[in-house]
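Everything on this sheet refers to the single structure shown next.
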Amino acid sequence: MSLENLPKSDAPPLEIHDLTVAYRNKPVLWGIDLVAPAGKLIGIVGPNGAGKSTLIKACMGLLPCSSGWVNAFGRPVAQSLGRVGYVPQRESVDWDFPVSVMDVVLMGRYGRIGLFKRPSAEDRRMARECLEQVQMLPFADRQISNLSGGQQQRVFLARALAQESDLYFMDEPFTGVDAATESAIISLLQALRSRGKTILVVHHDLPTARTYFDWLLLLNMRVVAFGPTDQVFTPELLQKTYGGRLTVLSEVAEAVGAKAH
Amino acid sequence: MRAIPRGETDGMDWRRARVGSWLRLIVVGCVLLVVSAFTAQAAKIGDLTQTRWTEQAWRFVTLSDPVVRYACLGTVLLGISCGLLGSFLVVRRMALMGDALSHAVLPGVALGFLWNLEKDPLAIFIGALVAGLAGSATVSILTRTTRLKEDTALGMVLASFFGLGLCLMSMFQRLPTGNKSGIETFLFGQAAALGPGDIQVMGTVTLVVVVLLFLGYKEFLLVSFDPGFARVLALPTVWFERLLVMLLAFSVVAALQAVGVVLVSAMLIIPAATASLLTDRFHRVLVWSSCIGMLSGLSGAFLSFLGTRLPTGPFMVLSASGFFAVALLFAPRQGIVPRWYRQRSQRVRIERENTLKAIYQVLEANGFSGETVSVEALARRRRVAPVAVEAEIRSLVAAEFATASAVDVALTPSGWQRACAIVRNHRLWELYLTHAAQIAPDHVHDDAEKIEHVLGEATVRELERRLPRIDTDPHGRPIPSLPVASADGRIGVGRQDDRPRGYGGRS
């Protein structure tokens with residue numbers, strides 16, 4: 001990787017400090033502290049309900065935080081959203097919506113086009129390039145409901161690529177995707193990583209998590225462990241993440257939630 | 001633990017739609033009861049016959065009457081603005097929102113009247129706007145602070161605001177002073193009651209709607225399609241949402257006098273629903289929807305004008321439903337008739353191909369010794385009565401695939417080519433299934449019967465590439481290659497040497 005491709009500032013791409021997120025007074029995430037290194041492909045794993053999606057939504061300001069702050073590149077996320085890319089869960093939108101694949105990918109450019117302006121020829125060229133990268137260019141004029149699950153996921157990925165960000169959040173990009181698409185996506189992410197981008201991916205398959213990611217965040221309401229995959233992917237830590245060790249914490253959380261109602 | 005409740009949405013749309021239609025029925029019933037009291041003198045059957053309808057139609061078409069001019073202008077304007085904003089409601093699955101908003105404006109209309117006891121377009125506009133926005137604010141407060149779902153909140157707001165409006169209006173009817181004429185036009189609409197002041201309000205609203213949607217098309221599109229992503233792009237999502245509700249309230253209120261409170265939501269939803277049958281791109285939905293809205297408005301005004309001052313709202317909605325029915329039947333891709341026609345022509349094609357195949361098989365059984373096949377042999381092969389086979393042969397002759405006499409049939413060059421292609425498709429597919437998928441030879445025939453009609457050129461080439469030898473099928477019969485029609489009209493020789501030679505069609 002060449003140095004000039006790296007983000008220029010020295011500040012870490014993502015710094016989370018004492019982040020607590022609650023849903024109806026019940027904490028989902030509790031006191032998260034995290035400093036993500038630049039140029040790494042980071043997997044977020046943990047059991048169902050561990051708050052994986054909540055974490056990345058809270059990082060981007062899509063959910064209100066009860067306490068704590070999130071900085072991207074040394075500034076509050078709200079101020080550096082131009083450098084943040086997002087691949088939401090596939091079910092988060094209505095795929096019967098009357099738009100074409102090209103329209104969706106162009107949406108990735110909206111942040112750069114500016115309010116009330118039309119996409120330029122350059123934006124369209126860029127969008128086509130991103131579609132090419134995910135091998136979806138032949139589908140550019142299709143209406144999005146005519147796509148398979150894997151194709152829909154690749155359209156979302158192309159849209160995120162069109163954002164040209166330095167920090168990416170991806171919410172389960174591998175659900176409902178066939179094996180071929182999955183390996184195509186992961187090599188694309190690895191290519192992005194080698195260009196100095198930082199990518200956080202919510203993932204729910206442990207065996208592949210080990211091979212896909214440089215770093216792992218083991219999450220279960222709290223950060224159980226965060227570090228290079230070979231150091232973090234240990235039976236003890238995984239047991240701690242997936243096992244029943246945190247039952248006391250969740251019971252307290254339940255009680256707090258009940259009292260607050 | 002869920003951060004955002006998901007998964008309820010799918011079922012809810014059905015429930016919402018059902019609740020919406022029931023509510024509408026009940027509301028319309030109540031309104032009919034209440035209003036029949038003070039509109040009893042308006043529409044007597046006798047009025048219909050007093051003026052000849054041709055005369056009325058002529059007055060309408062020539063636009064000679066200023067009343068007609070205002071009515072036309074007003075309905076066109078309302079058609080555009082309702083069509084545009086209705087498209088957003090339909091694609092966002094928020095159809096009931098339009099219903100609630102339009103019913104919630106009624107108390108505002110009554111208060112606007114009360115302002116100076118006159119029909120002052122501006123006062124009514126402001127009153128209705130305030131009431132509409134209060135209604136939508138109530139919905140959002142209810143959904144945010146309680147566990148009630150949005151459809152319940154919408155239903156409650158719709159009914160209670162509408163009830164309040166009806167109370168105010170009937171109280172107002174009893175007041176001794178003031179010009180009461182025209183208040184009932186707000187319930188069912190009366191385009192002929194539009195004056196220059198109303199047109200000014202409607203014109204302004206439509207202009208604002210068109211300009212803002214044109215400028216902010218891409219933002220409104222993104223906020224409607226994926227609000228989460230819009231927020232990540234640092235778009236002021238909340239403000240665009242509010243603007244959209246604002247514009248919606250504007251156009252509902254502007255349309256009130258021509259369509260009426262009860263049915264204005266239909267002018268939001270039906271043109272947009274029609275448009276989404278016609279196209280699957282949002283900008284085209286917007287254009288189609290406003291055009292259909294315009295046409296329904298105009299024809300509604302026209303129909304009600306024929307019957308002298310019948311309420312316009314129902315006629316507009318009926319015209320819009322008429323357009324919807326036409327689209328449902330004839331829309332190029334999704335319409336019932338084009339779909340039926342496509343299925344039928346496919347059935348006819350498959351039928352012909354099966355006959356061609358049978359002729360080929362009879363010829364093959366005879367060792368390709370003759371050029372003609374007797375009707376009787378073909379009927380035996382097809383396992384149908386000779387009468388049915390004669391009909392099939394007539395169909396082939398009509399498509400110029402065959403020439404026929406009373407007792408036998410012979411293939412033309414194009415018929416021969418098609419027959420070879422079908423038999424080849426069938427046998428190649430059988431070969432592929434037994435070879436590549438290891439399916440037993442006695443299991444492949446039925447599948448090939450279906451596949452032979454749909455195999456495309458590219459797939460056939462692919463099969464040829466993948467199979468090591470393509471001379472005989474799994475049952476040991478030769479696979480014909482595709483004959484090339486040569487210049488003298490005779491059938492040329494394909495690549496394989498063991499194919500039947502020397503077979504010429506009649507020219």
What pairs come out if I take residues in the stretch B:451-466 that are outside any loop (DSSP other than H, G, I, E, B) and pair them with residues that are modelled with pLDDT of 85 or more and of a type in the set (A, V, I, L, M) whose C-beta lies under 7 Å away, six or more apart or interchain? B:Val460/B:Leu428; B:Leu463/B:Leu428
Of (1) among the aliphatic types (A, V, I, L, M); (2) touching a Phe, Trp or Tyr at 6+ places or on another chain (Cβ under 8 Å); (3) surrounded by fewer than 22 Cβ atoms within 10 Å (Cβ to Cβ), A:Val35 satisfies all except one. Which? (2)
Odd one out for B:Pro332 among (1) at pLDDT below 95; (2) part of a helix (DSSP H, G or I): (2)
Identify all residues within the stretch A:67-82 that are over 12 Å from A:Ile16 (Cβ atoms) and crowded, with 17+ Cβ neighbours inside 10 Å; write none if there are none. A:Phe73, A:Ser80, A:Leu81
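Does B:Arg344 satisfy being free of Cβ contacts under 8 Å to residues at least 12 places away in the same chain and either in contact with a strand residue (DSSP E or B) (Cβ under 6 Å, 6 or more places away or on another chain) or not hydrophobic (A, V, I, L, M, F, W, C) (or both)?
For B:Arg344, the condition - free of Cβ contacts under 8 Å to residues at least 12 places away in the same chain and either in contact with a strand residue (DSSP E or B) (Cβ under 6 Å, 6 or more places away or on another chain) or not hydrophobic (A, V, I, L, M, F, W, C) (or both) - is met.
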State all residues of the stretch A:90-99 that are surrounded by 20 or more Cβ atoms within 10 Å (Cβ to Cβ) and more than 7 Å from chain B (Cβ to nearest Cβ); if no residue qualifies, say none. none
Count of the stretch A:145-171 residues which are more than 19 Å from the chain's Cα centre (by Cα) and modelled with pLDDT of 95 or more: 0
Please count how many residues of the stretch A:100-116 are at the interface with chain B (Cβ under 8 Å from one of its Cβ atoms) and assigned to a loop (DSSP other than H, G, I, E, B). 2
Please tell me if B:Arg242 is within 14 Å of another protein chain (Cβ to nearest Cβ), among the charged types (D, E, K, R) and surrounded by fewer than 24 Cβ atoms within 10 Å (Cβ to Cβ). no
Residue check for B:Pro236: over 19 Å from B:Gly127 (Cα atoms), surrounded by fewer than 20 Cβ atoms within 10 Å (Cβ to Cβ), touching a Ser or Thr at 6+ places or on another chain (Cβ under 8 Å) and within 11 Å of chain A (Cβ to nearest Cβ): no
Scope the stretch A:39-86; condition more than 9 Å from chain B (Cβ to nearest Cβ), under 15 Å from the mean Cα position of the chain (by Cα), of a type outside the set (Lys, Arg) and at negative phi; matching residues: A:Leu41, A:Ile42, A:Gly43, A:Ile44, A:Val45, A:Leu55, A:Ile56, A:Cys59, A:Val70, A:Ala72, A:Val77
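Which residues, taken from the stretch A:87-99, are within 17 Å of the chain's Cα centre (by Cα) and either assigned to a strand (DSSP E or B) or acidic (Asp, Glu) (or both)?
Narrowing the stretch A:87-99 to residues within 17 Å of the chain's Cα centre (by Cα): A:87-93.
Of everything in the stretch A:87-99, those that are within 17 Å of the chain's Cα centre (by Cα) and either assigned to a strand (DSSP E or B) or acidic (Asp, Glu) (or both) turn out to be A:Val87, A:Glu91.
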Just wondering, is there one or more residues in the stretch B:292-305 that are touching a Pro at 6+ places or on another chain (Cβ under 8 Å), more than 14 Å from chain A (Cβ to nearest Cβ), among the hydroxyl-bearing types (Ser, Thr, Tyr) and not in a loop (DSSP other than H, G, I, E, B)? yes
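Taking the stated definitions as given, is A:Arg159 charged (D, E, K, R) and within 30 Å of A:Leu55 (Cβ to Cβ)?
Yes: the conditions hold for A:Arg159.
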Of the conditions (1) surrounded by 23 or more Cβ atoms within 10 Å (Cβ to Cβ); (2) of a type outside the set (Phe, Trp, Tyr); (3) touching a Ser or Thr at 6+ places or on another chain (Cβ under 6 Å), B:Thr274 satisfies every one except a single condition; which number is it? (3)
Report the residue count in the stretch B:133-160 for those that are among the hydroxyl-bearing types (Ser, Thr, Tyr) and over 18 Å from B:Arg242 (Cα atoms). 4
Test result for B:Ile350, β-branched (Val, Ile, Thr), closer than 24 Å to B:Gly476 by Cβ and either at pLDDT 90 or above or touching a Pro at 6+ places or on another chain (Cβ under 7 Å) (or both): no
Restricted to the stretch B:116-167 and to residues being under 21 Å from B:Phe250 (Cβ atoms) and in a loop (DSSP other than H, G, I, E, B), the residue modelled with the lowest pLDDT is B:Lys119
Selected residue [under 20 Å from A:Met170 (Cα atoms) and in contact with a strand residue (DSSP E or B) (Cβ under 8 Å, 6 or more places away or on another chain)] from A:Leu19, A:Leu106: A:Leu19
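For B:Leu85, indicate whether it is in contact (Cβ under 8 Å) with a residue 12 or more places away in the chain and among the hydrophobic types (A, V, I, L, M, F, W, C).
On the way: in contact (Cβ under 8 Å) with a residue 12 or more places away in the chain: yes; among the hydrophobic types (A, V, I, L, M, F, W, C): yes.
So B:Leu85 fits the description; yes.
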Residue check for B:Val444: surrounded by fewer than 16 Cβ atoms within 10 Å (Cβ to Cβ) and more than 23 Å from B:Ala377 (Cβ to Cβ): no
What's the number of the condition A:Tyr23 fails, among (1) more than 8 Å from chain B (Cβ to nearest Cβ); (2) out of contact with any helix residue (DSSP H, G or I) (no Cβ under 7 Å at 6 or more places or on another chain)? (1)
Please tell me if A:Gly150 is more than 8 Å from every other protein chain (Cβ to nearest Cβ) and part of a loop (DSSP other than H, G, I, E, B). no
Output for the stretch A:117-142, where each listed residue is surrounded by fewer than 18 Cβ atoms within 10 Å (Cβ to Cβ) and either facing another protein chain (nearest Cβ under 9 Å) or closer than 20 Å to B:Arg231 by Cα (or both): A:Lys117, A:Arg118
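Between B:Ser276, B:Ser224, which is out of contact with any His (no Cβ under 8 Å at 6 or more places or on another chain), within 14 Å of chain A (Cβ to nearest Cβ), modelled with pLDDT of 90 or more and closer than 19 Å to A:Gly111 by Cβ?
Of the residues listed, the single one that is out of contact with any His (no Cβ under 8 Å at 6 or more places or on another chain), within 14 Å of chain A (Cβ to nearest Cβ), modelled with pLDDT of 90 or more and closer than 19 Å to A:Gly111 by Cβ is B:Ser224.
The values are calculated or read from the model by the stated rules, or taken from the named source; none is laboratory data. From a predicted model like this one, the values you see are computed outputs, not experimental measurements. Every residue, glycine as well, gets a Cβ built from its backbone with ideal geometry; the counts of neighbours run over all protein chains shown.
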